[in-house]
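The values are calculated or read from the model by the stated rules, or taken from the named source; none is laboratory data. This one's a predicted model, so the numbers in the text were calculated from it and none came from an experiment. Backbone-built Cβ (ideal geometry, glycine too); neighbour counts: all protein chains shown. Please note that ligands, DNA and RNA were not included when accessible areas were found on the heavy atoms of the full protein model with its side chains. Shrake-Rupley method; radii C 1.70, N 1.55, O 1.52, S 1.80 Å.
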2 protein chains.
Amino acid sequence: MTAGATQPAVRATLEDVARAAGVSLATVDRVVNRREGVRAKTVARVEAAVAKLGYRADVAAARLARGHSFRFAFVLPSGSNSFMTSLTEQVQRTADWLAGQRGFIDIHHVDVFDPDVLASALENLSPAYQGVAVIALDHPRVRAAIDELTARGVAVVTLVSDAPSSRRLHYVGIDNPAAGRTAATLMGRFLAGQGGTVAVIAGSLSLRDHTERQFGFHQILSSEYPNLRALPVIEGRDDSERTRELTATLLARHADLRGIYCCGAGNRGIADALEASGRARDVVWITHELTQYTRRFLVRGTLDAIINQDPGHEARSAARVLLAHCMEEPISHDQERIRIDIFLRDNLP
Amino acid sequence: MTAGATQPAVRATLEDVARAAGVSLATVDRVVNRREGVRAKTVARVEAAVAKLGYRADVAAARLARGHSFRFAFVLPSGSNSFMTSLTEQVQRTADWLAGQRGFIDIHHVDVFDPDVLASALENLSPAYQGVAVIALDHPRVRAAIDELTARGVAVVTLVSDAPSSRRLHYVGIDNPAAGRTAATLMGRFLAGQGGTVAVIAGSLSLRDHTERQFGFHQILSSEYPNLRALPVIEGRDDSERTRELTATLLARHADLRGIYCCGAGNRGIADALEASGRARDVVWITHELTQYTRRFLVRGTLDAIINQDPGHEARSAARVLLAHCMEEPISHDQERIRIDIFLRDNLP
DNA sequence: CAATTTTTGAGGTACGCAACTAAAATTCTG
DNA sequence: CAGAATTTTAGTTGCGTACCTCAAAAATTG
């Protein structure tokens, strides 16, 4: 048995460092917190002592002493599908957690699909906020609002949907073109050796994430799976009833329809239409977001795969990124990267 | 724009509560921490004040005052494949993070594949540890060692590989039978409509996780994909060279070999044999764990899918669970559940 | 060398809570 | 109803750090 680097039983304090370096507490404090007014020679001596004793500031004590507190706004959609409901719930949970760390989250519900409404909401945000997380729209007015917040020193992270050309600090969400490519690869491989047509249903092509997904999907489908022909994209407006009708029409018109990729919401409509047609087993259906409904369709076999982003992870990540920025701490990119989850019936959580 | 529940600008402290309830700090402290020695009437008065002011304990101040510190042992394998190397690295990172929170992690490297060595390592662990994370073996001696630690009041979590019949506090790892089923579903669907044989390569069938994976794999393959015939399981002992030879033999013997599922390590050997045979494109190969090697094989197209568990998540989760247990705090099961990731070329992180 | 600037030391306070001691209020006992 | 036993409450201290002040020491300048 090999013991790893055993650490000291009890941590060194600032005072220990001061004693070891033969200087006063105040000097150690200046060095550790990179304040000026210390000779290079003394700095070196203190840093040596820090290294020797393995000194690490106690975060609890530091936070207490600093006494900072933070206030963040989360701007979420007022209209709600299952995913957004779940996201809101996770943000609420994150808020509870943050409340113990001197962080306060206010949730603002706005119609994020209207650029003007969203932009004014951002513009009228109380100046009390040090950070804002927003489901963004990639639109000039929204971009301007984000840039203005940033210019005022407010940290802005985009959540789920990005505004890449803005000055936002960070994007918390998945790589949507890659998600579309992932769906295409699954579709192509599940339909290996078969020919036919594949339908793509989006919520709206004015939503950046939906556009990016269908772009990625088409990219792979056309280059890798020439046996499959993609039909023109249909806009279901994330509405179940409308999506049901569109799907029913598709099924009626295209006897050779072998696949459906839905890169938005409205899944209940697709399931209804598919099951009513009796072709549920013959058509490969791939969609986004694990919800109580899509889970059921997947278990039942109507749905073949779900591409998912974890709203819990996204909510926590947004809060962590904002907090780290405010405390001038680095973030761990590994931990903050939002994965493109693939769920089959067998690996559902 | 609807504002959510706006929280007070600055949080209430214990003293605010004491003043509001007309009692002393000490009394509030007893009520909040559920100590006894307070009349029911007073308790009610304090709780009302807590509710009214929305008091939440400041975790930083609480930790500082309590002054507790914790020491955990992580027992990891001394022999190393890529996954274990990566896990060790992540544990090291987690240790750095924990060091700021009064938590100390010592890493012990032992031969975890020998039950006796592993059991003695656990038995001889310093009594200074309040918690232990161990890559377990499901063996009577190991189980006994875990149970003894638990009896001594040490929190034990099993990591990556479980010992379900022991009294361990928690298992941090994936559901291995489900992972095997996931692999089988991918295999079956990628080979839809084709007949042929499928090989299963395990590291060793005496490892519980490998056995469980191949069990799940066979379960789904035989029930759902009768067109595919599984060959007897081969043991590659997680050794690349041996695995290469075995794979080459397989390819030579079975002209109708259409799939390979590797539920252990030794992937470099499989890649070599597959590429040398010229049948890399015709054989569906699915394996576990994303490493620098498997990533390359996936990108190149030799490998078709990776079933992954995130070592970073596992290391952090183990530390969080131990820490929460020691501080008698609840854990968020959502966040601690280790997902079965599926990686295709398109959704690689 | 005196005047000035830079660097360092000593000490203190505050942060919000936990845990301890001592004192007060209440209940019980004979 | 006094005095003891018990329950309930008040007061205090310390955790490790950040940040502040004031003065002393050292280095630099004219």
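Numerical summary
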| item | result |
| --- | --- |
| Exposure rank, largest accessible area first [A:223, A:126; 1.4 Å] | A:223, A:126 |
| Eligible lysines near residue A:52 by straight Cα distance, threshold 21 Å, same-chain separation 8 or greater | A:41 |
| Residue A:155 long-range amide H proximity, modeled H, under 5 Å | A:131, A:132 |
| Residue B:228 accessible area, 1.4 Å probe, all protein chains in place, Å² to nearest 10 | 10 |
| For a label point 7 Å along the Cα-to-beta-carbon line of residue A:147, residues of the stretch A:106-141 with backbone N under 11 Å | A:140-141 |
| Angle between chain A longest axis and helix A:311-326 axis [Cα atoms, degrees, rounded to 10] | 30 |
| Copy-to-copy label separations for residue A:68, where each label sits 7 Å from Cα toward Cβ, in nm and ascending | 2.8 |
| Accessible-area composition of the stretch B:35-168, carbon plus sulfur, in percent [1.4 Å probe] | 52 |
| Estimated inter-spin distance, residue A:253 and residue B:281, nm [label 7 Å along Cα→Cβ] | 3.5 |
| Folded to 0 to 90 degrees: helix B:82-99 orientation relative to chain B principal axis, Cα | 10 |
| Within the protein assembly as shown, percent of DSSP bridges classed antiparallel, to nearest 5 | 10 |
| Sum of -39500 (n - 2.57) over DSSP H runs of 4+, divided by residues of the protein assembly as shown (222 nm, nearest 500) | -14500 deg cm²/dmol |
| Simple spin-label estimate for residue A:237 and residue A:194 in nanometres, 7 Å along Cα-Cβ | 3.2 |
| Label-reachable residues, the stretch A:108-137, where backbone N falls under 18 Å from a point 7 Å from residue A:165's Cα toward its Cβ | A:115-116, A:119, A:136-137 |
| Using a Förster distance of 51 Å, the FRET efficiency for residue A:295-residue B:40 (Cβ separation, nearest 0.05) | 0.65 |
| In degrees, nearest ten, helix A:176-190 long axis to first principal axis of chain A (Cα) | 50 |
| Inter-chain shielding of B:188-200 (mean C-beta neighbours from other protein chains, 10 Å cut-off) | 2 |
| For residue A:254, label point 7 Å along C-beta direction: distances to other copies, nm | 3.6 |
| Cα gyration tensor category, rounded, prolate or oblate, for the protein assembly as shown with a/c compared to 1.5 | oblate |
| Packing-based ranking, highest mean first, of A:256-262, A:118-124, B:337-343 given that Cβ atoms within 10 Å are counted | A:256-262, B:337-343, A:118-124 |
| Copy-to-copy label separations for residue A:278, where each label sits 7 Å from Cα toward Cβ, in nm and ascending | 4.8 |
| Around residue B:330: net Lys/Arg minus Asp/Glu count, Cβ-Cβ under 13 Å | -3 |
| Area of residue B:241 that stays accessible when all protein chains are in place (1.4 Å probe, Å², to 10) | 90 |
